[in-house]
1. Which one of the conditions (1) without any contact (Cβ under 8 Å) to a residue 60 or more places away in the chain; (2) surrounded by 24 or more Cβ atoms within 10 Å (Cβ to Cβ) does L302 fail to meet, given that it meets all the rest?
2. If the requirement is being over 18 Å from P46 (Cα atoms), of a type outside the set (A, V, I, L, M) and either not in a helix (DSSP H, G or I) or not assigned by TED's automatic domain parsing to the domain that holds A54 (or both), which of these qualifies: K121, K212?
3. Does W99 satisfy being outside any loop (DSSP other than H, G, I, E, B) and not polar (S, T, N, Q)?
4. Pairs, please: C-beta under 7 Å, at least 6 apart or cross-chain, first residue within 24 Å of G323 (Cα to Cα) and in the stretch 212-224, second acidic (D, E)?
5. Return yes or no: is S318 in a loop (DSSP other than H, G, I, E, B) and either under 17 Å from the mean Cα position of the chain (by Cα) or outside the structural domain of V403 (by TED's automatic domain parsing) (or both)?
6. Does L502 fit the bill of being within 22 Å of V336 (Cα to Cα) and either modelled with pLDDT of 95 or more or not aliphatic (A, V, I, L, M) (or both)?
7. Just checking, does the stretch 163-170 include any residue being assigned by TED's automatic domain parsing to the domain that holds I123, within 22 Å of Y25 (Cα to Cα) and crowded, with 23+ Cβ neighbours inside 10 Å?
Amino acid sequence: MWTRLKLMFNTVVHLKWIQVFYQIYYKVRNRVFDPISFGNLRGYKPIQDRIVLAAFPFSPEATSIEWLTEKDLRFYFLNLPHEFIRKVDWNYEGKGKLWNYNLNYFDFLFDSKIDPDSGKKLIKDYCESYNSLKGGLEPYPISLRGISWVKFLSMNSIKEDVIDQCLYKQFKILESNLEYHILANHLLENAFSLFFGAYYFENDSFYRKAKKLLMAQLSEQILSDGAHYERSPMYHQILLFRLLDTINLVQNNTWQSKELIEELKGIAQSMLSWLEMMTFRNGEIPYLKDATKGIAPTTQELSDYAKLLSVDWEKEISLSESGYRKFSNERMELVVDIGGITPSYQPGHAHSDELNFVLNLNGKPFIVDVGISTYEKNHRRQLERSTISHNCISLDNTNSSEVWGGFRVAKRAKVRLLNDSISEIMAEHNGFVHKGLSVKRKFSVSQTSIYIEDILKGSSSLIEGTVSSLHFHPDVELKISGNDIFVDKIRIKLEGFRSFALESYEYADGFNRLIGAKKIVLKPSETNQIEIQYAD
């Protein structure tokens, strides 16, 4: 009981007062008023003109739909298929909450298999099910679905008052249920969506609220080097896509003045520069924190979209506030994480991964994160957020930051940067200091090698309880000879370790997709060095 109370206290203490207030306010209010009751037609006016949108890219990997018969459908989200016979059950959660969310996002409207008539048919079916909807009327899926509907209806010149009324009621629910209790990417998505609703319905009330919220959240959430402050490259891509859509909206419509366009473009330029710096030459992002493939538009798709909108950006910048550093040459791309848990009040997509790193060699992933395969609050989710699932030092199978409950963090390690140069970076964290152990790590790079040095300070018994891991991509085949590891012409030299062993692990190659791979589990001493020689 006491342990649980400490865990809760060390989690809640980081929240903003506005989160606590709205957690209480919404719970009390929703016991008196059903949130669906806010979905009224007050202020609704029939639409005269459709808004204009330029063409936009969409990644079909993230969602799929297939008509089996005139009435039967197969949806494919998160690498899991499901068939609906005769009618879609929009409340279906048999594949988990996130699968149901994806069903309710309506991103599938932009699948190549969907034509205007079939898309309109599904939208009307959703409207007919409106009064029985559950998770679909939560503010987050309303936000994403609202944008999807506005884009689809506008681009296909679909005019049906019954659909517009249904959509308007959803925006009214959103307006009264903005996610101040969660903040971060959820509140930013709310703002983007309400902004789209304002343009679609030419609603001044929506516009005033959305504009104020959107600009405030972009100012807070986009860091000085262009990164989104939750430090997930995948969510950065998602939110950049949303920002480009918003630029598209403002740039191509005259309902409001274009006073925001330059500021929005400036933020997009900064986000594009950061993303370009972080993206590997094979086009993939580092899958760090909550990030995986097949969910967000790719960096190339986002770049193409930005060019279509005449948004330019710098190709090389210095990574700083995001807490990432990248070293690269023609053979090697090394991304190092020297950041902490951010933002402190919303660590839902953070992991216990202080001083973690990933490495691509010769344009291919070599040392990787375990990745993410689920958002369900289960053992696998806890494992994927844990220190042991990253290329870090762990102590007695505990975490440097106290991740728990799927999306929560109690005690957090603080990272201190000690040296930061063009060829070397050194930092330390205090995640195990309360147990008597300090951890310091230095990365040095040359034209032919990478050196990773760990310095541990603590009693010999504590150091004996530490483990360091190197997770290799499933395509990497290892050969061990003495204290050296070979992968074709790549040589990994281990110095100072008490012992090491080759073990198996499950690599997350996307949601609900695990692949067997190998990792090296090392038993450190006080000072240890890993040298990765990658030159021919």
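1. (1)
2. Numbers: K121 fails: either not in a helix (DSSP H, G or I) or not assigned by TED's automatic domain parsing to the domain that holds A54 (or both).
Checking each option against the conditions leaves just K212.
3. Working: outside any loop (DSSP other than H, G, I, E, B): yes; not polar (S, T, N, Q): yes.
In short, yes.
4. Qualifying pairs under 7 Å: L223/E321; S224/E321.
5. Details: in a loop (DSSP other than H, G, I, E, B): yes; either under 17 Å from the mean Cα position of the chain (by Cα) or outside the structural domain of V403 (by TED's automatic domain parsing) (or both): yes.
Criteria met by S318.
6. Details: within 22 Å of V336 (Cα to Cα): no; either modelled with pLDDT of 95 or more or not aliphatic (A, V, I, L, M) (or both): yes.
No; evaluated as a whole, the condition is false for this residue.
7. Applying the first criterion (assigned by TED's automatic domain parsing to the domain that holds I123) to the stretch 163-170 yields 163-170.
Keeping just the survivors that are within 22 Å of Y25 (Cα to Cα) gives 169-170.
From what is left, the residues that are crowded, with 23+ Cβ neighbours inside 10 Å are 170.
Yes: one or more hits.
For (1) at pLDDT below 95; (2) buried (at least 18 other Cβ atoms within 10 Å of the Cβ); (3) over 30 Å from T448 (Cβ atoms), each residue gets a yes or a no:
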{"residue": "E284", "(1), (2), (3)": "no, no, no"}
{"residue": "E316", "(1), (2), (3)": "yes, no, no"}
{"residue": "L355", "(1), (2), (3)": "no, yes, no"}
{"residue": "F366", "(1), (2), (3)": "no, yes, no"}
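The values are calculated or read from the model by the stated rules, or taken from the named source; none is laboratory data. This structure is a prediction, so every number in the text was calculated from the model and none was measured. All Cβ positions, glycine included, derive from the backbone under ideal geometry; neighbour counts span all protein chains shown.
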